[in-house]
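Taking it in order: structure first as structure tokens, then the write-up.
What follows draws every value from the coordinates through simple rules; no lab data is involved. The structure displayed is predicted, hence computed values, not measured ones. Neighbour counts are summed over all protein chains in view; Cβ atoms, including those assigned to glycine, are modelled from backbone coordinates with ideal geometry.
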Amino acid sequence: MTDNGSLAAATWAQVELARHPDRPYALDYIHALFSNFFELHGDRLYGDDHAIIGGPAAFDHRTVMVIAQQKGRTTAERAMRNFGMANPEGYRKALRLIRQAERFQFPIFAFVDTSGAFPGAGAEERGIAWAIAENLVALAQARVPIVTLVIGEGGSGGALGIGVGDRLLMMEHSIYSVAMPEACASILWRDIARKVEAAEALKLTAADLKRMGLADEIVPEPAGGAQTDYGVAADAAGAALRRHLGELEGLDVDQLLEQRYQRYRRIGAS
């Protein structure tokens with residue numbers, strides 16, 4: 001196999017590990033890291049989307065707002081969670097939580113794990129693009145610290161809908177990209193079989209994003225991946241969240257917002 005072929009194969013192995021069905025999902029991290037998590041439901045407009053969960057919780061004796069994408073473990077739960085692909089009402093629920101966090105001055109922790117927003121006709125009819133866009137604005141302007149952790153897949157605008165913040169952390173075997181490899185291959189070459197090639201071209205691994213300056217920290221996983229030891233993975237994630245939140249809480253609001261603004265202005269500048 002050529003060097004390029006070996007590199008592509010290694011990248012695809014990371015994609016498969018990020019999608020491993022036994023990896024800890026958002027609720028696994030939430031139950032391990034937080035106490036008194038109180039899940040809030042509904043967007044107060046259309047319905048409750050189970051692909052996005054969230055609510056206030058206690059973290060080190062302070063109240064924080066948790067917003068997360070939740071995949072399903074069983075067949076029934078996958079159907080109920082829509083495989084972690086949110087509809088507009090999911091993003092509008094997240095927007096409701098963002099505004100509550102700002103009102104009550106709760107820092108926000110966002111756990112990203114989705115292959116993308118749901119692409120169905122109903123989602124388009126109910127304004128999914130607008131819902132995601134509103135969240136981007138709200139997160140960019142929220143006057144509270146925001147720490148984002150990619151725990152599995154970070155796919156396209158579906159991930160960005162809850163993923164804008166002050167710090168981006170990635171679990172060691174997670175991925176984050178403008179599009180999932182299958183979608184990229186279909187768009188560029190009209191050939192999904194080229195997904196491995198697309199994955200390498202996208203530079204979507206945690207190491208890639210850290211090298212490009214997009215990810216602030218890679219959170220180590222136990223040998224073989226987070227699915228081998230949920231406790232070790234959660235402890236590492238918790239330590240990283242705690243450290244970055246502590247740094248952000250040392251800034252006044254104007255500094256926080258200016259640094260967030262400059263963070264996104266720098267992307268693609270070099």
The size of the Cβ-based charge dipole (Lys, Arg +1; Asp, Glu -1) of the chain about the Cα centre, to the nearest 20 debye, is 440
Rounded to the nearest 5, the percent of antiparallel DSSP beta bridges in the stretch 3-265 equals 35
Yeah, the chain with a ≥ b ≥ c from its alpha-carbon gyration tensor (a/c under 1.5 is rounded, else prolate when a/b outruns b/c, oblate otherwise) is rounded
For the pair residue 32 and residue 261, the simple spin-label estimate (label points 7 Å beyond Cα toward Cβ) gives in nm 3.8
Lys and Arg at +1, Asp and Glu at -1: neighbours of residue 172 with Cβ under 12 Å from its Cβ sum to 0
Note to self: C-alpha centroids of the stretch 19-92 and the stretch 216-270 sit apart, in Å, by 19
Treating only Lys and Arg (+1) and Asp and Glu (-1) as charged, each at its beta carbon, one finds that the stretch 1-119 has a dipole about its Cα centre, in Debye to the nearest 20, of 320
Any aspartates and glutamates whose Cα falls less than 20 Å from that of residue 93, other than same-chain ones fewer than 8 residues away, would be 39, 43, 48, 49, 77, 102, 113, 124, 125, 134
Percent antiparallel among DSSP beta bridges confined to the stretch 34-158, nearest 5, equals 45
